[in-house]
1. Evaluate the stretch 416-431: report whether one residue or more is modelled with pLDDT of 95 or more and under 14 Å from the mean Cα position of the chain (by Cα).
2. Output the number of residues of the stretch 177-196 satisfying the condition of being over 16 Å from residue 218 (Cβ atoms), touching a strand residue (DSSP E or B) at 6+ places or on another chain (Cβ under 8 Å) and not in a strand (DSSP E or B).
3. Out of 456, 469, which single residue is farther than 21 Å from residue 143 by Cβ and touching a residue at least 24 places away in the same chain (Cβ under 8 Å)?
4. Run down 134, 178 and say which single residue is touching a helix residue (DSSP H, G or I) at 6+ places or on another chain (Cβ under 9 Å) and under 22 Å from residue 455 (Cα atoms).
5. Select from the stretch 138-175 the residues that are part of a strand (DSSP E or B) and either within 15 Å of residue 114 (Cβ to Cβ) or in contact with a helix residue (DSSP H, G or I) (Cβ under 8 Å, 6 or more places away or on another chain) (or both) and list them in ascending order.
6. Residue by residue through the stretch 141-163, note down the ones that are touching a strand residue (DSSP E or B) at 6+ places or on another chain (Cβ under 6 Å) and surrounded by 21 or more Cβ atoms within 10 Å (Cβ to Cβ).
7. Of all residues being within 20 Å of residue 293 (Cβ to Cβ) and surrounded by 18 or more Cβ atoms within 10 Å (Cβ to Cβ) in the stretch 196-222, which is modelled with the highest pLDDT? Just the residue, please.
8. Name the residues in the stretch 259-277 that are farther than 19 Å from residue 348 by Cα and assigned to a strand (DSSP E or B), would you?
């Protein structure tokens, strides 16, 4: 008893031996610290493990009958893993993109002067309107965005948002005669889809894009085609205004290139297929219409490029797509091609490591063959990637036809079309392979002076980057761009 009375009061109360008491105290403190750490390490907006949430997106879908007018109906789908509430309408709303001109970055290429933000997933396609004031983009978040880029150096860009129906993943986009007409190529479970979004009123459509403050009208789904290439996917979409020939009326046509061997030509006014051609080369890589809408060319599995003529009748309508000529000279598959802006030349890139420039302004109806004007080896300093293949996978010719923008994976470079030499290179232009690139058809003030040519590129990093044209070497007789 005396020993108990003379001991530590805490130990007497606890009825524990000193080592046991100390162990219990340390365990209690550790538990409290773990709880505190757990609470303060939760990210902003995170919920406790016992709570869960889901968002409901309401989109306006349409009938998929190829020959009947579309009718609107309501469709609901659940968006998984999204923290933000999904939009409640399928049609467009004006928004401001999340950023624009980025702050100066230590490693940003000097030619990259702005970034178009607002995408929440990979950018798969882009296309400028004919006046260069609007830029349409396709994104794997199932949204088509039409950005107002009249002020190309703006800190942010307003954009028109078009939410696609459930089940359609956009792979490419094209702008029609004005910025309010948007053609979308999509991937669906049964193959591919092609659709047109345009304003309800043609009068409003004709005025779209005129003036810096003009607000684009909200488009609606005009027509939609499904399984346009049977069960095959569309890999490239190309658009052109029919301006060639005495019967041409300037109507817009688009060409869809499938992953198979077929390429189809459509009129966007009514969604009619006016021609189907077959490359007969195992698989297509891409296809493009000439700026005048006169020619259609396909790059495919072999080294030969086939070119067809889009022929019009007296009423200006397309009557057929007929075989015209063939470009022979590459020793391996042609990966990409592009037309000069006068539609009289074609530039091709091949896995044989060559770039060729062709004159197609020949009397092919009299069996005159196209002529190869230049052959350039792909410069060694164009490929900055280690262990990569040495050929260009995408091309885009500047509005003055003097600079060729090329990509090898995530590397972007600019070539002088007179010499084939590299003017400049942007290593890691995007975080991942460059998915699309196009020059604006009109010049812009980029902050370094007016009348500058602008290149847009997209990639899997959710960004569209805007690039100044590099300065060509005056000693080569080219002058500045």
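1. Yes, that holds for at least one residue.
2. Number of matching residues: 2.
3. 469
4. 178
5. Answer for the stretch 138-175, where residues must be part of a strand (DSSP E or B) and either within 15 Å of residue 114 (Cβ to Cβ) or in contact with a helix residue (DSSP H, G or I) (Cβ under 8 Å, 6 or more places away or on another chain) (or both): 147, 148, 158, 159.
6. Once the filter is applied, which keeps residues that are touching a strand residue (DSSP E or B) at 6+ places or on another chain (Cβ under 6 Å) and surrounded by 21 or more Cβ atoms within 10 Å (Cβ to Cβ), the stretch 141-163 yields 144, 145, 146, 147, 148, 149, 152, 157, 159, 160, 162, 163.
7. Residue satisfying both the conditions and the ranking: 196.
8. Listed by number, the residues that qualify are 262, 264, 265, 266, 267, 272, 273, 274, 275, 276, 277.
The values are calculated or read from the model by the stated rules, or taken from the named source; none is laboratory data. As the structure is a computational prediction, the values presented were derived from the model and not from experiment. So basically every Cβ, Gly included, is an ideal-geometry build from the backbone, and we count neighbours across all protein chains shown.
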